[in-house]
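Visitor: The structure's right below; bear with me while I get my questions together.
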Amino acid sequence: MQTRPRPKKYIRHNRKARPIVEGKPNLDLRPYQVLIRPLVTEKGTHLSTHHNAYTFMVNLHATKLDVKGAVQEMFNVRVLDVRTQIRHGKKRRYKSRVGQLRDWKRAIVKLHPDDKIEFF
């Protein structure tokens, strides 16, 4: 027995899903606007020593190509790969109200084996 398709008004939509942001059109970011700061954490230190990959906090609207160009221009290194993550802000209490920290973007930049970035 074949079932008939559901009417359009009964189709459920995921209202919490956020649209994918590919960067704002015609947005020209300078390299110092793309890279906000390096992330020096245990995981980042492990990545830099063992895998020659470095982590940065980057502008939320920056694309992978923007990040690659900014790292190559600011540190004079060759970038092989860029991976990005959008980190959602944590919920925090402010007196009797619940607030939320803003979302931010992390970029993991893998360099050519001959290149290194010295932060300290």
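The values are calculated or read from the model by the stated rules, or taken from the named source; none is laboratory data. The shown structure was predicted, so the numbers you read here are calculated from the model rather than taken from an experiment. Virtual Cβ from ideal backbone geometry, glycine too; neighbours counted across all protein chains shown.
Rundown of residues vs (1) of a type in the set (D, E, K, R); (2) modelled with pLDDT of 95 or more, yes/no style:
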site	(1), (2)
L35	no, yes
Y54	no, yes
L60	no, no
T63	no, no
R106	yes, yes
H112	no, yes
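Visitor: May I pose another question? Does any residue of segment 6-28 turn out to be within 29 Å of E118 (Cα to Cα) and at pLDDT 70 or above?
Guide: Yes, segment 6-28 has at least one match.
Visitor: So which residues in segment 57-90 are of a type in the set (A, V, I, L, M, F, W, C), within 22 Å of L27 (Cα to Cα) and part of a strand (DSSP E or B)?
Guide: Residues satisfying the conditions are M57, V58, V82, I86.
Visitor: Scan segment 69-81 residue by residue and report those that are in contact (Cβ under 8 Å) with a residue 12 or more places away in the chain and either exposed (fewer than 11 other Cβ atoms within 10 Å of the Cβ) or within 19 Å of F119 (Cα to Cα) (or both). Talk me through it step by step, then tell me what you get.
Guide: So the first thing to find is which residues in segment 69-81 are in contact (Cβ under 8 Å) with a residue 12 or more places away in the chain, and the list is 69-71, 73-75, 77-81.
Once the filter is applied, which keeps residues that are in contact (Cβ under 8 Å) with a residue 12 or more places away in the chain and either exposed (fewer than 11 other Cβ atoms within 10 Å of the Cβ) or within 19 Å of F119 (Cα to Cα) (or both), segment 69-81 yields G69, A70, V71, E73, M74, F75, V77, R78, V79.
Visitor: Go through segment 91-115 residue by residue and tally those that are part of a strand (DSSP E or B) and surrounded by 10 or more Cβ atoms within 10 Å (Cβ to Cβ).
Guide: Going residue by residue through segment 91-115, those that are part of a strand (DSSP E or B) are 91-94, 97-100, 104-111.
Okay, now just the ones that are also surrounded by 10 or more Cβ atoms within 10 Å (Cβ to Cβ), so 92, 99-100, 104-111.
Looking only at that region, the number is 11.
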